[in-house]
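Remarks on the structure that follows.
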Amino acid sequence: MRREIEMRAVLLLLVLMLVSAPAVAREDRPDAKCVCAPAKFDSRWKHATVIFTGTVKTIEVIKIQVQRGNVDLPVRVELAVDDVYKGKIKSGAAFELQTSLTRETCTGHPFEKGRKYLVFAYQRAEDAVEDWSLYPLPSGTFDVGGLCGGTKDMEDKAVPAEIEQLKIKHAETAEEE
């Protein structure tokens with residue numbers, strides 16, 4: 001009886017660890033090394049500093065020390081802002097992210113020049129190493145909060161419903177101000 005209880009406890013712990021992991025590197029899918037269970041909409045809304053749609057104008061590798069063997073390059077991504085749902089930016093402005101491109105480490109987003117994205121941008125805190133940031137990039141800069149942070153290609157099937165939720169939240173917060 002005691003052994004059965006111990007086995008159930010171990011099984012429960014394993015299940016809880018799997019459920020709580022937001023991102024997992026995957027070797028069985030060559031098209032996606034990282035699979036995640038994104039945070040719920042309200043959590044992403046609350047924690048994102050800026051949310052907008054925009055088109056990638058430039059992608060430039062950031063010259064910092066890259067960890068040996070790491071294929072996840074740090075980059076500066078400039079986007080032209082279209083629609084703003086949260087934050088102090090304007091349509092037509094340029095917005096810069098400092099992130100990484102590949103899905104190898106689950107910390108960045110695979111941006112492509114010329115493509116349009118729904119972006120959830122998170123500002124790096126002062127004197128903090130964010131768990132979604134692979135590199136020690138300057139505080140005050142923005143990243144996508146990792147692959148599970150909510151940023152999506154506008155071609156993603158989930159984007160229209162997400163934008164409807166964003167419009168509702170944006171209207172609600174505008175009324176409160």
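The values are calculated or read from the model by the stated rules, or taken from the named source; none is laboratory data. Because the structure is predicted, anything quoted here is derived from the model rather than measured. Neighbour counts run over all protein chains shown; Cβ positions are idealised from the backbone, glycine included. Calculation scope for accessible area: heavy atoms of the full protein, side chains included, ligands and nucleic acids excluded. Shrake-Rupley method; radii C 1.70, N 1.55, O 1.52, S 1.80 Å.
Some observations on this one:
- Residue within segment 14-30 that is under 30 Å from Ala171 (Cβ atoms) and at pLDDT below 55 present: yes
- Residue match in segment 62-77 (condition: within 17 Å of the chain's Cα centre (by Cα) and at pLDDT 95 or above): yes
- Flag if Lys86 is at pLDDT 90 or above and of a type outside the set (Val, Ile, Thr): yes
- Pro138 being at pLDDT below 95, open to solvent by 20 Å² or more (accessible area, probe 1.4 Å) and either at positive phi or not polar (S, T, N, Q) (or both): yes
- When segment 93-115 is filtered for residues that are on the phi > 0 side of the Ramachandran plot and open to solvent by 70 Å² or more (accessible area, probe 1.4 Å), nothing remains.
- Complete set of residues in segment 73-92 that are open to solvent by less than 40 Å² (accessible area, probe 1.4 Å) and in a strand (DSSP E or B): Pro74, Val75, Val77, Leu79, Ala80, Val81, Val84, Tyr85
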